[in-house]
Amino acid sequence: MLRPVPGPAVGRPAGPVAARMRERMERLQPLHRSLTGDGVRESLAVLGESVPLRVRTVPSGARVFDWTVPEEWSVRAAYVADGSGRRVVDVAEHPLHLVGYSTPVRARLGLDELRPHLHSLPEQPDVVPFRTSYYTRDWGFCLRHRDLLALAPGEYDVVVDTTLAPGELTYGEVVVPATGVGPGGRAGQAEVLVTSHVCHPAMANDNLTGLTVAVELAAHVAALPQRRHAYRFLFAPGTLGVLAWLARNPDLVPRVRHALVLTGLGGGGPLVYKQTRHGDRGIDRAVRHVVGRRGGEVRAYSPWGYDERQLNAVGFGVPAGRLTRTPHGEYPEYHTSADDLAFVGDDELVDALEALTEVVDVLEHDAAYTNLAPYGEPQLGPRGLYPATGGRSADEEVMAMLWTLGYSDGATSLLAIAETAGLPFATVRAAAARLAAAGLLAERSR
Ligand code: ZN
């Protein structure tokens with residue numbers, strides 16, 4: 001029997017997987033995440049309830065290639081109060097109100113002195129923007145432009161009760177080992193690396209979607225009966241987190257055969273795959289096939305974006321693609337309070353997860369086969385491979401067998417055949433399995 005190929009989830013009941021992903025995001029949303037600190041640790045604890053996550057730490061001040069791990073930032077309170085004591089902006093109301101890594105301050109300032117520390121979006125007056133000041137010591141507040149315009153002249157009390165102190169950078173790692181499929185039955189050494197960032201406060205699409213989908217993908221690969229690759233999932237602050245992993249694991253870096261950065265998997269639009277720097281790697285071929293069949297979009301690499309910038313760097317050359325929907329900076333909710341839980345649809349996350357499980361299926365099972373009856377077309381009927389009741393045209397199952405036999409020269413992969421035939425990889429893979437069971441096809445040793 002052919003395995004059913006999952007289609008887009010849109011219009012179908014989202015089910016228990018969607019409920020799990022949603023519940024995880026609801027718990028993560030209010031935590032005060034940043035590059036470092038308790039919000040990251042608390043977030044990793046939530047993720048670790050579903051998968052065996054190991055927490056890794058790198059001390060403040062550690063050099064990571066050209067970067068230095070910053071001091072740890074923690075927030076107790078931060079607000080601006082007017083002359084009557086009314087808080088006109090307060091981080092307790094929304095995590096985005098405080099500029100990330102704001103230095104401590106207690107002062108009474110006139111509006112003209114306060115104004116340079118207030119950030120808003122005049123063109124989007126009803127949303128709170130996201131700002132950080134990781135590498136420049138400063139403090140500031142973000143607020144709705146509408147609220148900023150309403151501030152009366154006068155004196156304001158500013159309280160930023162934060163700490164910047166030596167601590168650590170924290171990231172999470174989930175490793176799902178390969179099973180015994182390598183030479184001599186040993187587990188293979190090739191790895192698939194999946195990263196998603198854990199450093200954004202209170203934004204659902206640009207953060208939580210990658211985390212919650214990656215957790216479900218980790219659970220999926222852990223449940224596979226056989227794995228050709230090991231799978232490593234990093235839940236790490238952007239840039240520094242993956243650089244810290246790369247710095248600490250020089251022996252593992254060459255094993256990473258395929259890498260994928262996950263974020264922005266909700267928020268509307270089709271799936272968008274950003275290719276690796278070379279654009280012709282195994283991950284590119286696998287994701288292009290899956291995303292293309294789902295009506296998604298494929299884009300070229302550029303050295304801007306998320307962790308793919310670090311992984312694809314010439315010093316590492318890890319082939320890292322990125323899967324999102326509408327990419328960062330191309331939707332008005334990006335990096336604002338409007339990127340909330342309502343902005344992300346359950347059906348989008350289920351669809352993204354299904355696409356990723358199909359990508360895993362390609363990475364695990366793509367192979368070249370040799371046609372063992374290559375002199376013309378072998379008879380399928382006597383071998384029980386042809387449907388007894390012939391129709392007017394060969395159905396997809398038969399066509400998949402004919403395509404597979406027709407191209408299996410020991411060098412052409414099943415994925416290449418699927419692309420040439422315009423068939424789903426799963427259909428061609430199922431055809432190859434039936435032909436192999438009938439003695440017509442042999443997998444080329446790899
Ligand atoms: Zn972002």
Residue that is farthest from the ligand (Cβ to nearest atom) [pool: residues in region 344-360 that are hydrophobic (A, V, I, L, M, F, W, C) and either assigned to a helix (DSSP H, G or I) or free of Cβ contacts under 8 Å to residues at least 40 places away in the same chain (or both)]:
Val360
Do we have any residue at all in region 293-307 that's buried (at least 24 other Cβ atoms within 10 Å of the Cβ) and either closer than 23 Å to Ser413 by Cα or within 14 Å of the ligand (Cβ to nearest atom) (or both)?
yes
Residues (in contact with a strand residue (DSSP E or B) (Cβ under 7 Å, 6 or more places away or on another chain), within 25 Å of Phe130 (Cα to Cα) and part of a helix (DSSP H, G or I)) located in region 278-334
Glu308
Do you know which of the residues in region 119-134 that are farther than 15 Å from Gly329 by Cα and within 25 Å of the chain's Cα centre (by Cα) is nearest to the ligand (Cβ to nearest atom)?
Thr132
Filter pass, Ala373 being closer than 30 Å to Ala219 by Cβ, aliphatic (A, V, I, L, M) and either more than 16 Å from the ligand (Cβ to nearest atom) or surrounded by 19 or more Cβ atoms within 10 Å (Cβ to Cβ) (or both):
no
Where in region 76-172 are the strands (runs of 3 or more DSSP E), entirely inside, with at least 3 residues that are under 30 Å from Pro59 (Cβ atoms)?
155-165
Single residue of Glu173, Glu216, Glu155 found to be within 30 Å of Pro16 (Cβ to Cβ), more than 16 Å from the ligand (Cβ to nearest atom), surrounded by fewer than 21 Cβ atoms within 10 Å (Cβ to Cβ) and not aliphatic (A, V, I, L, M)
Glu173
Across region 311-343, the tally of residues that are within 16 Å of the ligand (Cβ to nearest atom) and within 15 Å of the chain's Cα centre (by Cα) stands at 7
Of all residues in region 248-269, how many are in a loop (DSSP other than H, G, I, E, B), surrounded by 15 or more Cβ atoms within 10 Å (Cβ to Cβ) and not polar (S, T, N, Q)?
6
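Test Thr412 against the criterion of being among the polar types (S, T, N, Q), at pLDDT 95 or above and assigned to a helix (DSSP H, G or I), and give yes or no.
The answer is no for Thr412.
The values are calculated or read from the model by the stated rules, or taken from the named source; none is laboratory data. Everything numeric in this text was worked out from a predicted model, so none of it was measured. All Cβ positions, glycine included, derive from the backbone under ideal geometry; neighbour counts span all protein chains shown.
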